[in-house]
């Protein structure tokens, strides 16, 4: 199965237009290269997440770890622990992690 990480030409054209609209001063080749790298990485991440999705929410955890939002590390870790709690009742797994996360600053 082949998954392309190369952006389609129409998307590259849209990025060039976006750069102009945003009045971004980054040289066009560098701007396109950065967008293409992010596109390729996102495509690869989606394929990986779909592949592991059937294994105890691993896809969700992988996406959370590799594309974190603007939230702090502690918030992200607590969300990941909530997902883990749904899959295990073993306190030997959850409790030490929860104690460690609680010590993090937001």
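Nothing in this text is a laboratory measurement; each read-out follows from the coordinates by a stated rule. Predicted model only: the values in this text are computed from it and were never measured.
Can you give the translational diffusion coefficient of the chain in µm²/s, computed by Stokes-Einstein from the Kirkwood radius over Cα pairs at 25 °C and 0.890 mPa s? Don't skip to the end; give the middle numbers.
Working: Rh = 16.6 Å.
Value of D from the Cα-based Kirkwood radius: 148 µm²/s.
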Helix 28-52 axis, angle to the chain major axis (alpha carbon atoms, nearest 10°): 40 degrees
By how many degrees, 0 to 90 and rounded to 10, does the Cα axis of helix 73-87 deviate from the longest principal axis of the chain? 60 degrees
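Which value in deg cm²/dmol, rounded to the nearest 500, describes the helix-derived mean residue ellipticity at 222 nm for the chain, given -39,500 (n - 2.57) per DSSP H run of n ≥ 4 and division by the residue count?
Details: 5 runs with 75 residues, N = 106.
It lands at -23000 deg cm²/dmol.
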Subtracting the Cα-Cα distance from 0.36 nm times the residue separation, let me have the gained length for residue 24 to residue 37 in nm, one decimal. 2.9 nm
